[in-house]
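Asks: Attaching a single structure in structure tokens format; questions to follow.
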Amino acid sequence: MNLEEQHPNVYIILVNYGNWKDTANCLQSIESCYNGLSIIIVDVCNLYHSFRFLLELTTNLSHNRYKIVEQKENMGFAAACNLGLKTITEKHPDSFIWILNNDTTINTETIPNLIRCFKNNLENRTAFIGSLILDYSDRNLIQYAGGYIDKKWAIIKVLKEGENLSKVNLPEEVTTDWVMGASMFFHSSIINEIGFMPEDYFLYYEDIEWSLQAIRKGYNNIVSTKSHVYHKQGSSTGLKYSTGQSFNPISAKYYYSNYLKFFARNFPIKLNTARFMLIKKILRQFLSLNFRHSAIILEALVNQLKSHGTRD
């Protein structure tokens, strides 16, 4: 692992699923930010002829820095990320990798602060380093500043979510149970320890599961709060949990189903608590007249109970 270079090579993985205009916006913010970048774009299903548009875009930019990988079938976020990871690790096994959401933008200090954080924690067995995720439209609105798994109440907690950046005092580094998949920075060697991103979640919770696997191998996860990423939350999925805006039934189905899957797999003793928490949410949504939302949560709960009963 060569950290002596002033500008170590960093490979960025972007997953594009139809919304190529967001990807273009993201790439434009990356272009002038850092030397030594290579970008792998995994284009899923070529929706709206996105492959052609991305090819034209990257040709007009610094095209030698870009590689577009086609994935014909949508097998989920983790599978797309893993396709990019395998593309990198097969040819560049000693490299830094940054999984970055395509519906984000960055500034000139985003990447240097990730690298600086990694260097500062070489002795601390650091697996993943995340960024402070801020809202794209309101850059003082925090979407994510770290997170922890509340095993007592089966809650996945996001730190400082919805708070104003100018009104909170954040340390430069925050130890976290999990790093959000919108920005995950790591050295490729960690894959040899914990494997690739788990693919069976399809959407949501794969980043939490992966981070937890690292912790169980004796690693730490950190958020560098000086590394800022501006996120158009819900651009791809339609879900905006921090603001309560928008609702996408398909995405919500994965969100709640994978919540139960995560606790059934990792903390089975707390599975009943997780079920109880969803029952409470069903009632809240129903009383708020959000009948479609409550029905989707109920469906996730019933399906999990059925599958659990089948395994028993």
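FYI, it's all coordinate maths here, none of it is from the lab. All figures in this text were calculated on a predicted structure; none of them were measured in a lab. A quick note on method: Cβ atoms are made from the backbone with ideal geometry, for glycine too, and the neighbour counts reach across all protein chains shown.
Asks: Let me have the 222 nm mean residue ellipticity of the chain computed from DSSP H runs of 4+ only, each contributing -39500 (n - 2.57), with the sum over all residues rounded to the nearest 500.
Replies: Values: 9 runs with 121 residues, N = 312.
Theoretical 222 nm ellipticity from helices: -12500 deg cm²/dmol.
Asks: Normalised radius of gyration for the chain, please: alpha carbon Rg relative to 2.2 N^0.38 Å, two decimal places.
Replies: Values: Rg = 19.3 Å, N = 312, 2.2 N^0.38 = 19.5 Å.
This ratio for the chain stands at 0.99.
Asks: Going by alpha carbons, how many degrees (0 to 90, nearest 10) lie between the helix axis of 291-311 and the longest principal axis of the chain?
Replies: The answer is roughly 90 degrees.
Asks: Right, another one. Peptides 206-213, 185-192: what's the order by average Cβ count within 10 Å, highest mean first? All intermediate terms of the calculation are to be shown ahead of the outcome.
Replies: On the way: 206-213: 22.6, 185-192: 18.2.
Ranking the peptides 206-213, 185-192 by packing returns 206-213, 185-192.
Asks: Can you pull out the GluC sites (Glu not before Pro) in segment 67-118 whose DSSP state is coil and whose Cβ has at most 13 other Cβ atoms within 10 Å? Can you show the working numbers first?
Replies: Numbers: sites: Glu70, Glu73, Glu90, Glu109; in loops: Glu73, Glu109.
Taking segment 67-118 and a limit of 13 other Cβ atoms within 10 Å, the loop GluC sites (Glu not before Pro) found are Glu73.
Asks: Then there's this: Would you grab the residues whose amide H sits under 5 Å from the one on Thr225? Only those 5+ places off in sequence or on another chain, please, with H modelled 1.01 Å from N.
Replies: Distant-sequence amide H within range of Thr225: Glu173, Val174.
Asks: Of the candidates Asn164, Asn107, Asn64, which one comes out as most mobile in a Gaussian network treatment of the chain with C-alpha springs shorter than 10 Å?
Replies: Comparing Asn164, Asn107, Asn64 in the GNM, the peak value goes to Asn64.
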